[in-house]
Amino acid sequence: MRGFSLKYVIKRFISAVFTLWIALTINFLLPRCMGGDPAEYLASQSAMGSLEYAELMKQQFGLDKSIFEQYILYLKELLHGNLGVSYMNFPTPVKDIILEAIPWTLLIVITSILISFALAWFLGTLSALKKGSFFDNAVVGTSFYIQSIPYFWVGMLIVMAFGYYLEWFPMGHAQDAAVTGGFLAQAGDIAYHAFLPVLSMVIVSLAGRMIMMRSNILQVFSEDYIVLAQAKGLKKGKILTKYALRNALLPSFTGLMLSLGQAVGGAIATELVFSYPGIGLTTMNAILSHDYPLIQGCFAIIAVSVVTLNFLADLIYPLIDPRVSLS
Amino acid sequence: MKKEKKQKSDSYLVLEKYLLKNTKAKIGIGIIVFFTLVAVFAPVIAPYEATQMDFVPWEAPSSEHWLGVNSYGQDIFSQVVYGTRVTISVGILAGLLTSFIGIFVGLLAGYKGGKTGEILMRIVDVFLVIPTLAFMIILAAFLPSMGIVNLIIIIGALNWLWMARSIRSQTLSEARREYVDAAKAQGMGTIEIMFKEILPNIIPVVTANMVMVVTQAMLTEATLSFLGLGDPSLISWGQMLSVSFDNNAILYNAWYWMLPPGFCIATLGFSFMLIGNSFLDIYANDRGGAVSL
């Protein structure tokens, strides 16, 4: 593989592990710093009548030990995939609840990112080619406005329009229990339910990406080799496909990586609006019922997924742009 | 004396370029002034108290209730008017906190460079990967209570990463300019050069960052409120949307409850973005090259 050095991979890997370690340490320290250490929850939980749970928690966290030993224990359990036991759904392990929720979040986050990027590339390029036109101004102006709209509000409006008024799509949830039958029928049902959440996430995230793509193209157009290509008399279409697009796509790929975390944040609010059973809704329900092990588990899994996806993107990046691993 | 006079005309030129001849910024400032006036004169403008629950629930807009009545029998127009106060103050205060941290870290990392800069930027990069909103949510979940002060601190203290990056990259290119060398030769200290020499020269980028951070803070406040992590005793636009959603405003067809707060957030946020972007465009034109946040 051209330009794919081992040193680069190792460097990215170390950085990913380091980031993860920081996130997980914060996750460990937070409940202990906020005045409410697990022992305190235990007291309140057992007051609610679940001594059995209190006992389990005590073992889980090793609360009789020093904070350092607790920390080591926490990391060790995490490495074994043990995230504790949920209080809300006692005695279901946190891991099982999260494993059930995570595919739904991945489904809507990844689908919406891909669609939004495809549209952003297309509209951004078109807008840049017609710079200063009515179309360009309309696109840029609308994008600025949309960038200032909260994710969840778009979701609410979309539910109201397509779910309530028009009744084209379901107002929430990920699946209809009544739909049985073959794989195709179920997949269709899932897509039908995912449509509105994905649509609302695409609308909001499209705006910023489009503006970025537009300025990337404009920047590339001002560079010398494009000017040279024009001087050689190459057609505009050819310049665009052969030179400009490829080079303008690269920076937006970096944007893709950095937008993952943002997309997960957006998904939390979107899932709440659509009662979509992903990790966001699970987190919010856990917060409502003060299910601390589940809250921590959710944050841990969000951190792990975002860092992993970032690392994968880091690995793909030099395949697209060989210059990266050289620097 | 003479030097002062020259500086004045310089700053007048800058003012002229960035504000007086800048239509986008003028529109943005117009919108902000409008909402600020609404916030200041809220008691005069609002026909009723925001928390007064004396009316028929779910009443559609009428001449008596311009934006109808919510599920608790409260006048929605009055709530929108009073909500301006909370949303603007949270946005601006959190934005200021973010700016202080962002400017300081950005300047330090960009000017000092070396080990300090390297370590600071490493930290920034690490935290950029961790989803901010998810982090704020668990912070809010573990805090014993969520008053307006906590809200401002959480939003303000966690949003500065992008700003630090942007200011650092501007500072890096400024640090190579002659006036910085001149200041060094005069024996000025690091902090003095950072704030007295470099900062004034990158003010457009700093201002652009600051106003955009305010939009970000307002959006975050709205989202946290919507997720039920705001201060329930406050009436902000986000809080209104949260209550409307929780009380099934969609099923009651209460568009008059859901639309106004959202439009207000978007319009006010848009005005800040408009100012920020126009500043960046002008600055980029001056320096010959694109400046991105």
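Structure above, values below:
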| quantity | calculated |
| --- | --- |
| Helices (runs of 4 or more DSSP H) completely within segment A:215-293 that count 1 or more residues being more than 30 Å from A:R32 (Cα to Cα) and within 11 Å of chain B (Cβ to nearest Cβ) | A:245-273 |
| Condition check for B:S278: open to solvent by 30 Å² or more (accessible area, probe 1.4 Å), among the hydroxyl-bearing types (S, T, Y) and either more than 8 Å from chain A (Cβ to nearest Cβ) or within 20 Å of B:I167 (Cβ to Cβ) (or both) | no |
| Where a residue in segment B:242-259 is more than 18 Å from B:L227 (Cα to Cα) and its partner, wherever it lies, is at pLDDT below 90 and open to solvent by less than 10 Å² (accessible area, probe 1.4 Å), with Cβ under 6 Å and at least six apart | B:Y256/B:G68 |
| Which listed residue is under 28 Å from B:L251 (Cα atoms) and modelled with pLDDT under 85, from A:V202, A:V179 | A:V179 |
| Any hit, segment A:258-268, residues being surrounded by fewer than 17 Cβ atoms within 10 Å (Cβ to Cβ) and either touching a residue at least 60 places away in the same chain (Cβ under 8 Å) or more than 20 Å from A:L312 (Cβ to Cβ) (or both) | no |
| Residue in segment A:149-160 that is within 14 Å of chain B (Cβ to nearest Cβ) and open to solvent by 60 Å² or more (accessible area, probe 1.4 Å) present | no |
| A:G132, sole failed condition from (1) farther than 30 Å from A:P277 by Cα; (2) among the small types (G, A, S); (3) open to solvent by less than 40 Å² (accessible area, probe 1.4 Å) | (3) |
| Yes/no for B:S236 being open to solvent by less than 10 Å² (accessible area, probe 1.4 Å), more than 11 Å from chain A (Cβ to nearest Cβ), of a type outside the set (A, V, I, L, M, F, W, C) and closer than 25 Å to A:Y145 by Cα | yes |
| Meets criteria (surrounded by 20 or more Cβ atoms within 10 Å (Cβ to Cβ) and part of a helix (DSSP H, G or I)) for B:T116 | no |
| Residue match in segment B:89-100 (condition: away from every other protein chain (no Cβ under 14 Å), free of Cβ contacts under 8 Å to residues at least 40 places away in the same chain and either buried (at least 18 other Cβ atoms within 10 Å of the Cβ) or over 17 Å from B:A222 (Cβ atoms) (or both)) | yes |
| Criterion violated by A:Q219 - all others in (1) open to solvent by less than 60 Å² (accessible area, probe 1.4 Å); (2) within 22 Å of A:I320 (Cβ to Cβ); (3) not hydroxyl-bearing (S, T, Y) satisfied | (1) |
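The values are calculated or read from the model by the stated rules, or taken from the named source; none is laboratory data. Note that this is a predicted model, so its numbers are computed, not measured. Cβ: placed from backbone, ideal geometry, glycine included. Neighbour counts: every protein chain shown. Quick note on the areas: whole protein, heavy atoms, side chains included, nothing else; ligands and nucleic acids left out. Shrake-Rupley method; radii C 1.70, N 1.55, O 1.52, S 1.80 Å.
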